[in-house]
Structure formats: C-alpha cells, structure tokens
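What follows is one structure encoded as structure tokens, with my remarks underneath.
The values are calculated or read from the model by the stated rules, or taken from the named source; none is laboratory data. Everything quoted here is computed from the prediction, not taken from an experiment. So basically every Cβ, Gly included, is an ideal-geometry build from the backbone, and we count neighbours across all protein chains shown.
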Amino acid sequence: MVQVKKRSVHDAIVRNADALFSAHGYHETTLADIAKATKVGVGSIYSYFPSKLALLYQVYRPWLLGHIDRLERSLAGKRAPREKLRLFLLCIWRDIPARNTGLANSLMEALASADPREGKPDDLLRVTERRLTVILETIVPRARQHFLEGDLLAHLLLMAYDGFVINRRLGDTRDIGALIETVCDMILGPPARRQSARPPQSRRSRNTA
C-alpha cells in the first residue's frame, strides 16, 4: 500500500529534527530519536526524506537563508561601504553561528563524515554564494568588482564561515575583529588616514628647532 504523505507529519519531523540537531548535534541525534519525538516509525521518516543528511538540509536551508534575508534587509541603503562590509562579515562569521551553535555545527559534522561518492543532497552552498554575491555587489566598488566573478569571494567567505563555526563550538573566537578589518582592507583598500592638523611653524621656531 502506498503511504499517503501528510504535510503535518513532514513539518513535525522537520521541527523535531531541528530541536534535536540543535541540542545534541548531528551524530548524537539518530533517526530513531527524531521518530520517537514525532511519534512515527523510522520507516515513516524515510518515506519523507531519503537520508538523515537530506533531513538536516531541510532544517538548515531555511535557517541559513532566513539569516541572509535579514542581513540583506539590514544593509539596504543604510551605510557606507566599509561599515556595510564590516557588518556583513560580522553577521556571516560571528552572528549567524552564534544564533544556533548546535545546528551550525551539525552541518560541519555531517559533511565531515559524508560519503564523498554520494555528494551533497542540496545546492545550498551555491545558492548561498549567489545570494552573498548579490549583496556584495552593493558594497564593493566597481573597480574591485572582479573579486566577485564566479561567486569566488562569496565561496571563500563561506569556507571561512565553516572554520568559524567549528572554532565557536570550541570556544575560540579570538581575533575576529582584526580579521574583519584586514579583509575590509583587502577588498576595499585601506581607509583614508586623517592627517592630524598641525599649525604651521613660524620661521623663527623652525630656525631655532
């Protein structure tokens, strides 16, 4: 008999998976745990999701893209390029991982142990890179827009995101401010230095110095 899929069951599985992945991580959460919380059999979960990793992506995708939506709205037309880039990087590297350290780290756990022959079950990385590039196009000066070609800068920033996620779980959040300023310098160029206003010396003072 073909099992009839119900949206309410699908949503309950995702909701409980979200809570368990966030609280216990990917490896410590089993499909049996999720099935028990949802009050369904493990076989029922497989009728909705082909794998545990696919289920994690169903949880992770809206969470991450929702943060990107909020980031885009918060930056729209409000700040100078350097300030916008600084806040952009703070959000990607610090704020998003801090929102849900357990869930953010769950994807790192899952991908580190995934079968490379099966690949990723979702195009989330490429979608996120494209979204970030669109935002960066509003920040990076035209003369430096070549950094954005092929979404390569966004890809680099997301690879760094992975490292920040792992380090945050281990309690290592050092130097993020200095790193962000360095990256701002690399992308935008160093900020103009204000020369201190010095009153001109009189001829007499120059001669007697």
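General observations
- Enumeration of residues in region 135-154 that are farther than 30 Å from K52 by Cα, touching a helix residue (DSSP H, G or I) at 6+ places or on another chain (Cβ under 6 Å) and in a helix (DSSP H, G or I): I135, L136, F147, L148, L153
- E83 passes every criterion in (1) farther than 30 Å from H10 by Cβ; (2) surrounded by 14 or more Cβ atoms within 10 Å (Cβ to Cβ); (3) not small (G, A, S) apart from (2).
- Given (1) touching a Leu at 6+ places or on another chain (Cβ under 9 Å); (2) part of a helix (DSSP H, G or I); (3) within 21 Å of L124 (Cα to Cα), index of the condition A37 fails: (3)
- Considering region 124-144, the residues that are exposed (fewer than 12 other Cβ atoms within 10 Å of the Cβ) and of a type outside the set (A, V, I, L, M, F, W, C) include one that is farthest from I96 (Cα to Cα), namely R142.
- Scanning region 13-34 for residues that are in a helix (DSSP H, G or I) and either free of Cβ contacts under 8 Å to residues at least 24 places away in the same chain or surrounded by 17 or more Cβ atoms within 10 Å (Cβ to Cβ) (or both) yields a total of 14.
- Taking the criterion of being touching a residue at least 40 places away in the same chain (Cβ under 8 Å) and in contact with a Phe, Trp or Tyr (Cβ under 8 Å, 6 or more places away or on another chain), the residues of region 133-156 that qualify are I135, L136, I139, V140.
- Tally of residues being surrounded by fewer than 20 Cβ atoms within 10 Å (Cβ to Cβ) and over 12 Å from T29 (Cα atoms) across region 102-120: 11
- Taken over region 30-70, the criterion of being closer than 19 Å to D115 by Cβ and among the hydroxyl-bearing types (S, T, Y) is satisfied by T30, Y46, S51, Y57, Y60.
- Test: residue in region 184-194 that is farther than 26 Å from P81 by Cα, over 14 Å from the mean Cα position of the chain (by Cα) and modelled with pLDDT under 95: no
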